[in-house]
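Engineer: Structure provided below as structure tokens; questions to follow.
Any read-out appearing in this document is the output of simple, stated calculations on the displayed coordinates, not a laboratory observation. Please read all numbers here as calculations on a predicted model, not as lab measurements. For neighbour counting, all protein chains shown are included, and Cβ atoms are generated from backbone atoms with ideal geometry for every residue, glycine included.
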Amino acid sequence: MSQTTNSRPHWYVYIVQCKDFTLYTGITTNLSRRLQEHNSPKQGARYTRPRQPVELVYREAVQSRSAAASREYQIKQLTLEKKKQLIANSFPEEPPANTPATP
């Protein structure tokens, strides 16, 4: 019997928004741990440490570290406006709980 490979993505490309509204893009294998590190006074990236707290605004699952690094580079080359579009398209806003849905 052959072993099945786990097709679940092991790497993530992410964007966090800092308290000064700047964006930081990175890669990780564990989003919750990395977000916690970014909000830690000692473990966060040098860029995000003085800009805490940070909030996850975008995530994208990929299959490998090289795919994550390539996608991270692509995102970092985008203009701020294109990054904002990417973020807006990934986490569409939901209507407030007490707002009726539009038909």
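Engineer: Could you count how many Lys pairs in the stretch 12-90 have their Cα atoms under 24 Å apart, skipping same-chain pairs fewer than 8 positions apart?
Structural biologist: Values: Lys19/Lys42; Lys19/Lys76; Lys19/Lys82; Lys19/Lys83; Lys19/Lys84; Lys76/Lys84.
Count of close lysine pairs: 6.
Engineer: Still on this structure, I have one more. Return the long-range amide H neighbours of Val57 (sequence gap of 5 or more, or a different chain), with a cut-off of under 5 Å between placed amide H atoms.
Structural biologist: The answer is Ile15, Val16, Gln17.
Engineer: Given axes a ≥ b ≥ c from the Cα gyration tensor, I'd like to know whether the stretch 12-90 is rounded (a/c under 1.5), prolate (a/b larger than b/c) or oblate. Present the calculation step by step, with values, prior to reporting the outcome.
Structural biologist: Values: a/c = 1.85, a/b = 1.20, b/c = 1.54.
Judged from the Cα gyration tensor, the stretch 12-90 comes out oblate (a/c at least 1.5, b/c at or above a/b).
Engineer: Grab the other residues whose beta carbon is less than 13 angstrom from that of Pro50, score K and R as +1, D and E as -1, and report the net.
Structural biologist: Working: positive: Lys19, Lys42, Arg46, Arg49, Arg51; negative: Asp20.
Local net charge: +4.
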